[in-house]
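*Asks:* Handing you this structure, nothing more for now.
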Amino acid sequence: MKPKVYIETSIPSYLTARPSNDIRAMANQNTTIEWWENRKAAFEVFISEFVIAESSQGHPEASARRMAVLEGITALEVADEARALAKALIIEGPLPKKAEIDAYHIAVATVNAMDYLLTWNCTHIANAVMRPKVESVCRSHGYEPPIICTPQELMEG
């Protein structure tokens, strides 16, 4: 059975964005494209209603490109347990209230037993300082959190 990966919104955003002039963003875009083309097939890929909602916002052409790459990817159910865990990640955890959607991404991936949560959001999700507290909150609520990583970290396997 293939490992399960939850794709957070930054992945389709980097995948479909116009090439950036910023060298770091350009590197992330290239890595995302490489992961999508060469590694995605090794995983069972999932999204959520939050990814769909975020991806559908913004410039109509950019939104259409993001939505096109999400087509056919299974959207996970956002159960009451995920909503409760997202709230706990803010109340008990390191996530600020302004990162509520990020808490939902983590909670949906956790409650649905994903092996990985793939993201470029290193402010509130793939953050090495916050990760231990995020994992602790998930475990204290009876869930094993996914491995939170960037496409670079999930390139080989």
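*Asks:* What are the residue pairs meeting all of these: first residue in segment 82-99, first residue over 13 Å from Tyr143 (Cβ atoms) and at pLDDT 95 or above, second residue surrounded by fewer than 19 Cβ atoms within 10 Å (Cβ to Cβ) and not hydrophobic (A, V, I, L, M, F, W, C), Cβ atoms under 7 Å, and 6 or more apart or on different chains?
*Replies:* That search, which allows pairs on different chains as well, returns Ile90/Lys97; Ile90/Glu100.
Residue-wise test of (1) at pLDDT 95 or above; (2) within 18 Å of Tyr6 (Cβ to Cβ); (3) not aliphatic (A, V, I, L, M).
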| residue | (1), (2), (3) |
| --- | --- |
| Ser20 | no, no, yes |
| Asn30 | yes, no, yes |
| Glu37 | yes, no, yes |
| Lys40 | yes, yes, yes |
| Glu54 | yes, yes, yes |
| Val69 | yes, yes, no |
| Asp102 | yes, yes, yes |
| Ile106 | yes, yes, no |
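*Asks:* Read through the list (1) within 24 Å of Gln152 (Cβ to Cβ); (2) among the β-branched types (Val, Ile, Thr); (3) free of Cβ contacts under 8 Å to residues at least 40 places away in the same chain, then give the number of the only condition that Val78 fails.
*Replies:* Every condition holds for Val78 apart from (1).
*Asks:* I've got another one for you. Out of everything in segment 13-32 that is of a type outside the set (D, E, K, R) and surrounded by fewer than 12 Cβ atoms within 10 Å (Cβ to Cβ), what residue ends up being farthest from Gly58 (Cα to Cα)?
*Replies:* Checking each candidate, the answer is Ile23.
*Asks:* Among the residues in segment 71-80, are any surrounded by 13 or more Cβ atoms within 10 Å (Cβ to Cβ), in contact with a Lys or Arg (Cβ under 9 Å, 6 or more places away or on another chain) and under 24 Å from Thr16 (Cα atoms)?
*Replies:* For segment 71-80, residues surrounded by 13 or more Cβ atoms within 10 Å (Cβ to Cβ), in contact with a Lys or Arg (Cβ under 9 Å, 6 or more places away or on another chain) and under 24 Å from Thr16 (Cα atoms): absent.
*Asks:* Of the residues Leu154, Leu117, only one is in contact with a strand residue (DSSP E or B) (Cβ under 9 Å, 6 or more places away or on another chain) and in a strand (DSSP E or B); which?
*Replies:* Sole residue among the options that is in contact with a strand residue (DSSP E or B) (Cβ under 9 Å, 6 or more places away or on another chain) and in a strand (DSSP E or B): Leu117.
The values are calculated or read from the model by the stated rules, or taken from the named source; none is laboratory data. Since the model is a prediction, treat every value here as computed from it, not as a measurement. Virtual Cβ from ideal backbone geometry, glycine too; neighbours counted across all protein chains shown.
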